[in-house]
Structure formats: C-alpha cells, structure tokens
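Below is one structure, written out as structure tokens, with a few remarks after it.
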Amino acid sequence: MSEKERVQGVTAETEVETETVKCDGCGSNMVFDPESQTLLCPHCGTKKSFGSNKIAEENDLREGLFNSPQWTAEEAVVFGCDNCGAKVVLKQGETAGFCPFCGTSHVRLTEELAGIKPHGLIPFSIGENNAVELSKTWAKRRFYAPRKFKKNIKTDNVKGVYAPCFTFDSKTTSYYEGRIGKTHTRTVGSGKNRRTQTYVVWRNIRGTFNHNYDDLLVTAGSRFGQKELDKVSPFDTNNGKVYEEEYLLGFMAYHYDSKLSECWDNAKKIIDSDLRSEILSQYSYDKVDYLNVSTTHSNVTYKYVMLPIYVGNYQFNKKNYNFFVNGSTGKVYGKTPISPLKVILTVLLGIALVVGLVLLIANGG
C-alpha cells in the first residue's frame, strides 16, 4: 500500500502523528513542550534542547510576490476537512485523523501543494492543560452560555494549532485634503423669542502625514479571521523565532487560505483606515464633510509567520462554535451557544421588575 493510500485510510481514532524526533532515553516520540521550550518525552520525561534562537528576518515584498520559498511535495502535505473546509499542513508521512476546528474525522489528504514555507513562528509558551483552564475561566463569565458548554471544555476539544499570518512593515507618506466641522451653540433672540441655536463652523484641512508601520499582522486563514486575530492579540512578532520543524511536534499547522498579494491588499486597507484616524486626530472636530487621502508605501517588507493558537470547538444544536486561546498570553476570544432557558428567564425577570416598578409607583401615588 502506498503512503498516500495509507494516509487516506485513517480512521476517527487516529491521532495527529508528529513523530520525527526519537527520545534518546526510551525511543519514544518527543513533542515540543511550551513550558520548558524544549522537546519533551511524554513517557520518560527526557528533555532535549534545540534551535538557534535566531529571530525571523524581514523579506522584501516585491521579491516575495514573485519568488517565495515553497514547500516541496516531499517535505509537506495538505489535509482538508470535508465538513468545514479547514486545511492543515503536516510533514510528509504524518497523518491527520480529525479537524481541530470542527472536531470531525472527515479529514483527507489533498493534492494541493503546501505553498510558502514559514519564515518564522512564535512558539507556544502555554501548555494545553493551562489553555483548557483559561478557556473554562472564560466560559464561566459567559452568562448566557449553556451549562453543558461550560462543563464540556476539556483537552479533547481544545487543540494547539499554528495559525498562518503575514506581517508587514511599511514607511508611509500620505497627502490629504478635506473639510471638517465643529458644532457650536449660541443664544439668539430675547424675551419669549430667546432660544439656543446650533451651527457648524467648517474648515478646510490639507497636509502631509508620515507614519511607519512595524509588523502589522494580517491573518492568512479564513477559519481564524482578522477579527479573531485582533481579539486575541498582541503577539510578540518582533521576537519570532526562525521556523524549525521541532516547534510543530505535537501541534498542527493551519494552512493559509489567502495568498501574499491578497494579504498585502488587506494590509493596505487596514493602514488606510488607520491613517484616516491618525490624520483626523490632529484636529478638533465632530463632523467630517470629506477627507481624501493618497498614500505611498516605501521599504515594504514582510514575514510569513505562524502564531500559536489553541482552537476550541463545540457542537450545539448541530452548529459548531469555535473559541481561541492565544498560546503566548492566554487571552481568550470566541463565540458561545446561547441557552434559550437563560434568555427566557432574563426576559421574565425583566418583565417582573417593570411590573413591580409600575405597582410601586401606583401605590405610592
């Protein structure tokens, strides 16, 4: 049986196999341990240091758009989930038996190439058990979440995944012109005709605005979108390590959905929005008639980095819910199911309070 046929035939019981480094003590497979930042043998406890501690370097964007280092078919393969569409990258010879985003076993080997090699990554520094406890604490604060959801957060449905992301550096020069206004009031008339009048004082603005962006994060994965990335940020990308395969032992790598060019377009949109806010912050105003901004970018560089994310998945009423834990800081964000019973009780309580208030006022009268 070929390797491809063997991989496609995995069952639901198959775990993600990242077996590339053997323990010198007992011969078992070692995994990356976030807490010690070493390779750890889960059987005998042996630890093994690795890595050069080099920081991932910036790369010229123009060159990257036409020539980026690629995985070869002999190095990595892509598995796709038939249920939710998520894709993960594994080393050649490894297998995936479940999807970290929806938990199903409908995972199959694809013919898709793994694409760009990561320049760097931020290693996990929070272990799986700690991530589960942080998730439970977060869930307890979700008042409308069902009790069953809160009680069923465990290691079975919280998995460590390296999420794909591009960082961008850019020196921007913006030329702008616009018209802004400030609302004022004045008293006019006298006697019975005395009244307050509102009016707007408009002014024209124009100028040049310079701003440097350093490691602007733009997600490259649809299952872990920009909103989710912003909610669990920050990540210390300036100290991201050069990519080494040992960091992935025991973890998955989520394959990117968006190309470098698409992420750069998204980065420019984020920058444009931020520049408008920065420009307007120089002025006192409460109304904007218009603001035209023309921006040029120079010295643009990028990195393809992988971010440490614990992905939680939960099924409720045949719908899948994901929550995410920053594998460096422990910050949690996600969506939870809503308990209909708790909503009904809240509505009834609100009605009771309103009725009670009405009766109190009536009795007082």
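All of the numbers you see were taken from the coordinates with simple rules; none came from a lab. Here the structure is a predicted model, which means the values were calculated and not measured. Here the Cβ positions follow ideal geometry from the backbone for every residue, glycine too, while neighbour counts run over all protein chains shown.
List of remarks:
- Helix-only mean residue ellipticity at 222 nm for the chain, each DSSP H run of n ≥ 4 adding -39500 (n - 2.57), per residue, nearest 500: -7000 deg cm²/dmol
- Karplus-derived HN-Hα couplings along the stretch 33-43 (A = 6.51, B = -1.76, C = 1.60, θ = phi - 60°), whole Hz, x at Gly and Pro: 9, x, 6, 9, 6, 10, 7, 10, 8, x, 8
- Answer label for mean projected area of the Cα convex hull in nm² (calculated), chosen among [x] 18.7; [y] 20.8; [z] 28.4: [z]
- Among complete DSSP H helices in the chain, those whose alpha-carbon atoms stretch at least 27 Å along the helix's long axis and whose mean Kyte-Doolittle hydropathy reaches 0.5 are 340-364.
- Taking the charge dipole of the chain about its Cα centre, with +1 at Lys and Arg Cβ atoms and -1 at Asp and Glu Cβ atoms, the residue from VAL232, GLY80, GLY189 reaching farthest to the positive side is GLY189.
- Antiparallel %, DSSP beta bridges [both residues in the chain], to 5: 95 percent
- When peptides 333-343, 170-180 are sorted by average Cβ neighbour count within 10 Å, with the highest value leading, the order is 170-180, 333-343.
- 19 Å Cα-Cα threshold exceeded, pairs from LYS154/LYS331; LYS227/LYS268; LYS54/LYS171; LYS22/LYS54; LYS154/LYS335: LYS54/LYS171; LYS22/LYS54
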